[in-house]
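Right, one structure below, let's go through it.
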Amino acid sequence: MDAKLQSYIDKLNKLNFKDMYENDFFLTWEKTDDEIEAVFTVADALRYMREQNISTKIFESGLGISLFRDNSTRTRFSFASACNLLGLEVQDLDEKKSQIAHGETVRETANMISFMADVIGIRDDMYIGKGNKYMHDVVDAVTEGHKDGVLEQKPTLVNLQCDIDHPTQCMADMLHIIHKFGGVENLKGKKVAMSWAYSPSYGKPLSVPQGVIGLMTRFGMDVVLAHPEGYDVMPEVEEVARKNAAATGGSFTKTNSMAEAFKDADIVYPKSWAPFAAMEKRTELYGNGDFDGIDKLEKELLAQNAEHKDWCCTEELMKTTKDGKALYLHCLPADINDVSCKDGEVEASVFDRYRVPLYKEASFKPYIIAAMIFLAKVKDPQATLKALEERAAERHFRK
Amino acid sequence: MDAKLQSYIDKLNKLNFKDMYENDFFLTWEKTDDEIEAVFTVADALRYMREQNISTKIFESGLGISLFRDNSTRTRFSFASACNLLGLEVQDLDEKKSQIAHGETVRETANMISFMADVIGIRDDMYIGKGNKYMHDVVDAVTEGHKDGVLEQKPTLVNLQCDIDHPTQCMADMLHIIHKFGGVENLKGKKVAMSWAYSPSYGKPLSVPQGVIGLMTRFGMDVVLAHPEGYDVMPEVEEVARKNAAATGGSFTKTNSMAEAFKDADIVYPKSWAPFAAMEKRTELYGNGDFDGIDKLEKELLAQNAEHKDWCCTEELMKTTKDGKALYLHCLPADINDVSCKDGEVEASVFDRYRVPLYKEASFKPYIIAAMIFLAKVKDPQATLKALEERAAERHFRK
Amino acid sequence: MDAKLQSYIDKLNKLNFKDMYENDFFLTWEKTDDEIEAVFTVADALRYMREQNISTKIFESGLGISLFRDNSTRTRFSFASACNLLGLEVQDLDEKKSQIAHGETVRETANMISFMADVIGIRDDMYIGKGNKYMHDVVDAVTEGHKDGVLEQKPTLVNLQCDIDHPTQCMADMLHIIHKFGGVENLKGKKVAMSWAYSPSYGKPLSVPQGVIGLMTRFGMDVVLAHPEGYDVMPEVEEVARKNAAATGGSFTKTNSMAEAFKDADIVYPKSWAPFAAMEKRTELYGNGDFDGIDKLEKELLAQNAEHKDWCCTEELMKTTKDGKALYLHCLPADINDVSCKDGEVEASVFDRYRVPLYKEASFKPYIIAAMIFLAKVKDPQATLKALEERAAERHFRK
């Protein structure tokens, strides 16, 4: 057997991830360290096999259902790529074209689309308290449908961004870090600055900063969350970060100074988001159909944002990071000064210098998603990887 | 060979369905009893094989074209699942994104999309006298295209609901009944109540009640069509039902009393639809571009509907059915009292009790569609099923 | 080996097309004669293999990205068919559903969608000076992405129509001609009339007439471009046509008389387009956001068009062609007198007589696209075709 592929299998052999089989992926902190490590390992293995032109198609037929309740390019194509890599055909549930009756239960829709579905990917990040709950409703419905004999198989859910976490993004970010630093074992003591940054647009989801502090505190790193006063994230996720840090010998701290966060940082993640309290208020206004209230809130938030234009990832700030060379991360698209807007999250020269690493960061997402599906759908991943190598079907048949 | 699969093949061996090869599926009553039975048998066989993890992919490449002129979730996903199960990739003809020139003939469009199409599925149920005709125009065009050497293969048409029939729905309903009652042989003398029911929405298609009376009268059952005065269905379909009943020793009767229909019924199918005469009028108004007339008609119909709120499938009515336990059917989504609307087709407690069977009823549709395609695209279905078993490709490769 | 397939391979063996590997397809005149011939040959070979039920699926997984910035049926389905034939799943980049940030660079989007993309097909024909440039920007981005290690593979670009050329259309037209006349060797001295024709619609792209004169002048034919005064095409493409003609012993001439062009023509291609100068002006107005100016220009152009209603492919004109039987071509949909409009490009009786050949003309497009992809993605096409025959996977598994 190929030595590198064997090394991935060896790594998996040391991990306990048996509960991932026939399970779902909602939040990274609901998974054990071994499970998180298994996702990274399978993602690397699938990527390696694709690079070796070995097909990792484990489905001859089957659907991957996607439901995007918010626009998406990166995640949409990542999900499509992951499904396709494993042999599933993507079928998008476009709620505009669907005959989803007024008052139709989630339970019903979820079952009706899942007769031949092996995976359901959902993005639902717009309203606090809603997205993650909706995903659970879908999973409860298909789990019951499977138990009742309605569905031959239980599709696995992949959270493609909810109101709480953005696990496929943050795990792609993290796998990028692991590769950059040469392994998890080199991360202890590294400083990560997850910092708010100014953007002229309003109401960006909280799921990225929350996902980052909820995941990156698990590797013994010193994670700093920086934002202007009032831009707090969900307190329960901060609590997760604190517990993670305590358990792994790292730290989780907060500051209202971007400069303090960047100082000597090994990794910086400057990105805009909306204040949690404001997003809660917006959800409430939306629930009451108070659109005037939403307009008013939007104006207030834009005005509040505008007071913090100095929260920008400048060359000057980058110089203060470790050796002036911190790894700059972003989930993309970034608001770049004088490119996508006048004032934004990052200076163009900084962004340009990190463009290639940023694109590589993004390139992990399809493999992270594929690994999540693989681990949910295959009982013995090590044996299956081995069998795929032995099957030796070429991804691209050519002479 | 697997005994169960062999039993399906044995059943097929007794049937004459050779005319289905390279043919199309418009209306169930255009098919012989043997042909209908062949669809049920192949549907069961394909489902069984999928459950045994045997791939039934008969196409390495090829497109399944879908054209939905009305919103759809259930049928859209059923068609996508069926195509995918057989190896065809769905390509949706979205008339909004298409460069279909003003005045472009159906003949031209049908050929232009079919160069590599093995199946075309169409839903066109909105206007009386139009949908079924449109499907025939498409089939005539591709038949001629194939004959003329334009198309290498003639795609088969699957009627995904027209103005006259909804064959994939009604055959899924029927296969559900067959399984529930333990075989066609147990259906003789069973009473079926196809009943109108109140819905706050207006203008629901007639194709389900028509499809039901056109199909279910073929099994020696006593089919009762119940509706308030004025809610008649197409007279020619009633004529079909009468002839079917006469030929199979069953009966087809009509009543204006829901209670009478439900009394001692073994199967009930309470569902709203629009009066045939009103739908004809709407088609005419639409043809004349008389949108004020359409608005006026809609108001009249809603007012007319509102006089019949007592046509609801209540617990009380259900008690009057055979042993109080008639099988409740619906094509979904149902209008459920106090769930999707205040007053609707069915009480919530009735619907809830039958939820699992209803979902199972729906689960037959992908297999019914796949069977229709299979029988149109495979010359010797028995030998092909056998060959698929021998090929032994796994649908889901895993250890 | 099958003799006919061997003859295609023999033909390829005589051609030099090694630069097509890992390359892109923008404009036909950027390709050598051998390369153009290779596309025709592979298109014929793939079609032949499909007719023999031999699967030509060379990808077990992989995406074919489509981006249509203009409506499309024919090209959309041709691209989907071509991708599907080779094993790629089409994923449409719908710019309306995408989170493409204001100001996001083409470079970023192109990389983000390409992690598992083997081909990108783009239609961008609306603005002079923009479409082809956009395609180059995309190719530059993914080429760099591949070089930088962001993308495992460089997707190949297929120009599905730009402001300059419509290569998949014109090569399908040309392959149709080659088959009709029994081979390239019979084309010398044949007269082709690429003529403007009246249409009540405004602003049809120039890419078809340009593509036609840019390609058909390469086969020793006498190509005449006819249009009313003021309806010139891009001068640089006329220059290409002149050079082609000079090099191959044919001719390229211009006239303002449709009758002169049709006289003794072997092939006629009457089709509407917009004046190049007007299209340039429109692009400028659009760039300045001058929508009143665009409306005004539209009115002027419609008035100008209306002066040339006599530019119609009539029976009378057809009689003046070679033996009254010139091969009538059109990219479809055509504006047909009294069918799609009162006055249009062609009389209904002419169109009807050529309907079957026209549909056959269109049927080459999926194979032309597949051949372009095949030649870009396979290092040794001859060996690969041979290996596909030996693999002997059936496209349609059946007994």
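Any read-out appearing in this document is the output of simple, stated calculations on the displayed coordinates, not a laboratory observation. The model shown is predicted, which means the values in this text are computed figures rather than measured ones. A quick note on method: Cβ atoms are made from the backbone with ideal geometry, for glycine too, and the neighbour counts reach across all protein chains shown.
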With springs only between Cα atoms under 10 Å, which of B:His227, B:His166, B:His308 fluctuates most in a Gaussian network model of chain B? B:His308
Computed over chain C: relative contact order in percent, which uses C-alpha pairs under 8 Å that are six or more apart: 20 percent
Sort A:Arg69, B:Arg218 by Cβ crowding within 10 Å, fewest neighbours at the top. A:Arg69, B:Arg218
In C, who owns the beta-carbon nearest the axis carrying C over to A, and how many Å from it? C:Glu89, 4
Amide H of B:Trp196 versus every other amide H placed in the peptide plane: which residues, excluding those fewer than 5 positions away on the same chain, fall under 5 Å? B:Ala226, B:His227, B:Lys271
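For the protein assembly as shown, rounded, prolate or oblate, judged on the Cα gyration tensor with a ≥ b ≥ c (square roots of eigenvalues), a/c < 1.5 rounded, else prolate if a/b > b/c?
Judged from the Cα gyration tensor, the protein assembly as shown comes out rounded (a/c under 1.5).
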Measuring label to label, 7 Å along Cα→Cβ, what does C:Asp148 give against each other copy in nm, shortest first? 5.1, 5.1
Length gained if B:Asp310 through B:Tyr286 is fully extended, taking 0.36 nm per residue and subtracting the Cα-Cα distance, is 5.5 nm
Across all Cα atoms of the stretch B:298-399, Rg and the largest Cα-Cα distance (Dmax), in Å, are 21.3, 62
Could you calculate the FRET efficiency of C:Val356 with B:Asp137 from 1/(1 + (r/R0)^6), where r is the beta carbon distance between them and R0 is 22 Å, rounded to 0.05? 0.80
Suppose R0 equals 51 Å; then what is the FRET efficiency for A:Ala303 and A:Val106 from their Cβ-Cβ distance, rounded to the nearest 0.05? 0.85
Can you give the charge dipole size of the protein assembly as shown about its Cα centre, rounded to the nearest 20 debye, using +1 on the beta carbon of Lys and Arg and -1 on the beta carbon of Asp and Glu? 3000 debye
DSSP-defined antiparallel bridges as percent of all bridges, the protein assembly as shown, nearest 5: 5 percent
222 nm mean residue ellipticity, helices alone, for chain A (DSSP H n ≥ 4; -39,500 (n - 2.57); rounded to 500): -14000 deg cm²/dmol
Separation between Cα centres of the stretch A:201-234 and the stretch A:122-166, rounded to whole Å: 24 Å
If the label for A:Glu30 sits 7 angstrom from Cα along the Cα-to-Cβ line, what are its distances to the same label in every other copy, in nm to one decimal, shortest first? 4.9, 4.9
Ranked on Cβ counts within 10 Å of their own Cβ, fewest leading, C:Thr384, A:Thr73, A:Thr56 go C:Thr384, A:Thr73, A:Thr56
GluC sites (Glu not before Pro) within the stretch C:194-278: which are DSSP loop residues with at most 15 other Cβ atoms inside 10 Å? C:Glu229
For B:Gly293, which inter-copy label distances result when the label point lies 7 Å beyond Cα on the Cα-to-Cβ vector, reported in nm to one decimal and in ascending order? 4.7, 4.7
Label-zone membership for the stretch C:178-195, site C:Asp323, 7 angstrom Cα→C-beta point, backbone N under 19 Å: C:178-193
Tensor-based shape of chain A (alpha-carbon gyration tensor, a/c under 1.5 rounded, otherwise prolate or oblate): oblate
Kindly provide the trypsin sites (Lys or Arg not before Pro) of the stretch C:116-209 that DSSP labels as loop, not H, G, I, E or B, and whose Cβ sees at most 15 other Cβ atoms within 10 Å. C:Lys188
Bins of 5 Å, beginning at zero and ending with the bin holding the largest distance: percent of Cα pairs per bin for the stretch A:169-362, please. 1, 8, 17, 20, 20, 15, 9, 5, 2, 1, 0
If you plug each phi of the stretch A:236-241 into the Karplus form 6.51 cos²θ - 1.76 cosθ + 1.60 with θ = phi - 60°, what whole-Hz ³J(HN,Hα) values come out, in order, with x for Gly and Pro? 5, 6, 4, 5, 4, 4
If amide H atoms are modeled at 1.01 Å from N in the peptide plane, then the residues at a separation of 5 or more from A:Lys191, or on another chain, having amide H under 5 Å from its own are A:Asp222, A:Asp266, A:Ile267
Rounded if a/c is under 1.5, else prolate if a/b beats b/c, else oblate: with a ≥ b ≥ c from the C-alpha gyration tensor eigenvalues square-rooted, which is the stretch A:44-169? oblate
Taking amide hydrogens as modeled 1.01 Å from N in the peptide plane, which residues meet the under 5 Å criterion relative to A:Leu157, leaving out close sequence neighbours? A:Phe25, A:Ile120
So what's the net charge close to C:Leu15: Lys and Arg +1, Asp and Glu -1, counting the other residues with Cβ under 11 Å from its Cβ? -2
Reduced to Cα centres, the span from the stretch A:1-69 to the stretch A:283-330 in Å works out to 35 Å
Please list, in order along the stretch C:117-133, the HN-Hα scalar couplings obtained from phi with the Karplus expression 6.51 cos²θ - 1.76 cosθ + 1.60 (θ = phi - 60°), rounded to whole Hz, x for Gly and Pro. 9, 9, 8, 10, x, 10, 10, 8, 10, 7, 10, 4, x, 10, x, 4, 4
From the backbone phi of the stretch B:157-170, what are the Karplus-calculated ³J(HN,Hα) couplings (6.51 cos²θ - 1.76 cosθ + 1.60, θ = phi - 60°) in whole Hz, Gly and Pro given as x? 8, 10, 6, 8, 2, 10, 6, 9, 9, 10, x, 5, 5, 5
Suppose R0 equals 25 Å; then what is the FRET efficiency for C:Thr248 and C:Ser201 from their Cβ-Cβ distance, rounded to the nearest 0.05? 0.10
When the charge dipole of the stretch A:169-362 is computed with +1 at the Cβ of Lys and Arg and -1 at the Cβ of Asp and Glu, the Cα pointing farthest to the positive end, of A:Cys331, A:Ala274, A:Leu297, is that of A:Cys331
